[in-house]
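Asks: My questions all concern the structure below.
Each reported figure results from applying straightforward, stated rules to the coordinates on display, with no laboratory input. Predicted model, so just to flag it, every value in this text is computed and none were measured. In this analysis, Cβ positions are derived from the backbone assuming ideal geometry, glycine residues included, and neighbour counts consider all displayed protein chains.
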Amino acid sequence: MVTHSDPERRVVHQINGEPAAQVYAGLLGVPVASLDETTFAMNPLIFQMGGEHYVRAIARANEDQSLSLYCAIENGLILDLGRAVDPLATAQAAFARVRMEIGEPALILGCDCYSRRVQLAKQGLLGPMDDLLKQNRVFSFSTCGEQFDGLHMNQTFTGAAIALDHAGS
């Protein structure tokens, strides 16, 4: 649980009363000095609300052992350690759902979180993901997270799909 934070600056100072970077590194079994953007992208912080899981992406570990986040944080928030999933399989399933709902997309305008791109690079999947996006007529740009239902999220790909032909028109 976040026990000391600066919500305005998006900094977590303590988790369970201990320095946040030390707690995070301890959960991963690595030294604090080895924490970097790849580690953060592959092992995001997650909180659960209403049965849904939301990523709270870490931007950096600070000299004072705090963690700066890309998104909103507050005292009392219970965090879990997440693990990266197969982004290609997840994207393929999402594009299949788009086709089921609207048919063939003419264009998908996408917002791709920077942390997700770091994960793709670490896994050697930038090329295959770019190919998949091209196949699905995606025009996208990188962000530092997205808004969904009024909640700032990280490590996501969101978008708006425009149908090629609308059934019934």
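Asks: Restricting to region 19-33, what's the tally of residues that are over 17 Å from Leu69 (Cα atoms) and free of Cβ contacts under 8 Å to residues at least 12 places away in the same chain? Write out each step before concluding.
Replies: First, the residues of region 19-33 that are over 17 Å from Leu69 (Cα atoms): 26-31, 33.
With free of Cβ contacts under 8 Å to residues at least 12 places away in the same chain added as a condition, the list becomes 26, 29-31, 33.
Looking only at that region, the number is 5.
Asks: On to the next question. Please go through region 5-64 and give me each residue that is farther than 30 Å from Gly124 by Cβ, assigned to a loop (DSSP other than H, G, I, E, B) and in contact with a helix residue (DSSP H, G or I) (Cβ under 8 Å, 6 or more places away or on another chain), ordered by number.
Replies: Answer for region 5-64, where residues must be farther than 30 Å from Gly124 by Cβ, assigned to a loop (DSSP other than H, G, I, E, B) and in contact with a helix residue (DSSP H, G or I) (Cβ under 8 Å, 6 or more places away or on another chain): just Asn16.
Asks: Going by the conditions given, is Phe95 among the aromatic types (Phe, Trp, Tyr) and in a strand (DSSP E or B)?
Replies: Working: among the aromatic types (Phe, Trp, Tyr): yes; in a strand (DSSP E or B): no.
So Phe95 does not fit the description; no.
Asks: Against the condition surrounded by 15 or more Cβ atoms within 10 Å (Cβ to Cβ) and at negative phi, how does Glu52 come out, does it pass? Spell out how you get there, then give the answer.
Replies: Details: surrounded by 15 or more Cβ atoms within 10 Å (Cβ to Cβ): no; at negative phi: yes.
No; evaluated as a whole, the condition is false for this residue.
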